[in-house]
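Some notes on the structure that comes next.
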Amino acid sequence: MLLSRRRNLAFTPHDTSSVHNYYERLVTEAISSQEPRANTDYDFMDDVACVALNHLPPRYIRHDVDMSFYLSPVEHEEIQKKVHKAVKNAIEFVKTREQAKRDILEGKADEQSDGLEH
C-alpha cells in the first residue's frame, strides 16, 4: 500500500513551496544587520543575497526547526560564522561593482562634456 502510494505521488504535481534553502533566512537577517541600506534598497539586498548564497553550500529543508534540532552548538556557530563572512564579502563585492559602474558612467559623462567644450 505505501509503495503504490509513493509511486503515484512521483507522477503527480506536488507543491514544494515548503522546501527552501536553510541559509536564505540566515543570509537576509545577516545582510539587514550588517548593512542598513539593505532594509530600504531591495535591489541591493537581492544582489548581496545572491552573491552570498552562491558562496554557501545549499542545505534544503522543509522546516527550519529540523535544522535546529539536528545541529550541534558547534555546527550552529560554524554556520553563523560562514554566513557572516559570506555576507561581509558579498556586501564588499556588490559595493565595489556599483562604484565601478558609477566610475564608468562618470567617465563617459566627462568624455561627453570634454567633447562639447572643444
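Quick look at the values:
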item: Test: residue in the stretch 19-37 that is at pLDDT 95 or above and assigned to a loop (DSSP other than H, G, I, E, B); result: yes
item: Residue selected from the stretch 20-64 under the condition over 15 Å from Phe93 (Cβ atoms) and buried (at least 18 other Cβ atoms within 10 Å of the Cβ), by the criterion farthest from the chain's Cα centre (by Cα); result: Tyr22
item: Subset of the stretch 50-74 that is free of Cβ contacts under 8 Å to residues at least 40 places away in the same chain, of a type in the set (A, V, I, L, M, F, W, C) and not in a helix (DSSP H, G or I) - its residue that is nearest to Ser17 (Cα to Cα); result: Leu56
item: Residue in the stretch 42-49 that is acidic (Asp, Glu), modelled with pLDDT of 95 or more and in a loop (DSSP other than H, G, I, E, B) present; result: no
item: Subset of the stretch 65-105 [within 22 Å of Asp43 (Cβ to Cβ), of a type in the set (A, V, I, L, M) and surrounded by 12 or more Cβ atoms within 10 Å (Cβ to Cβ)]; result: Val83, Ala86, Val87, Ala90, Ile91, Val94
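The values are calculated or read from the model by the stated rules, or taken from the named source; none is laboratory data. What you are looking at is a predicted structure, and each value in this text was computed from that prediction instead of being measured. All Cβ positions, even for glycine, are placed from backbone atoms using ideal geometry, and neighbour counts span all protein chains on display.
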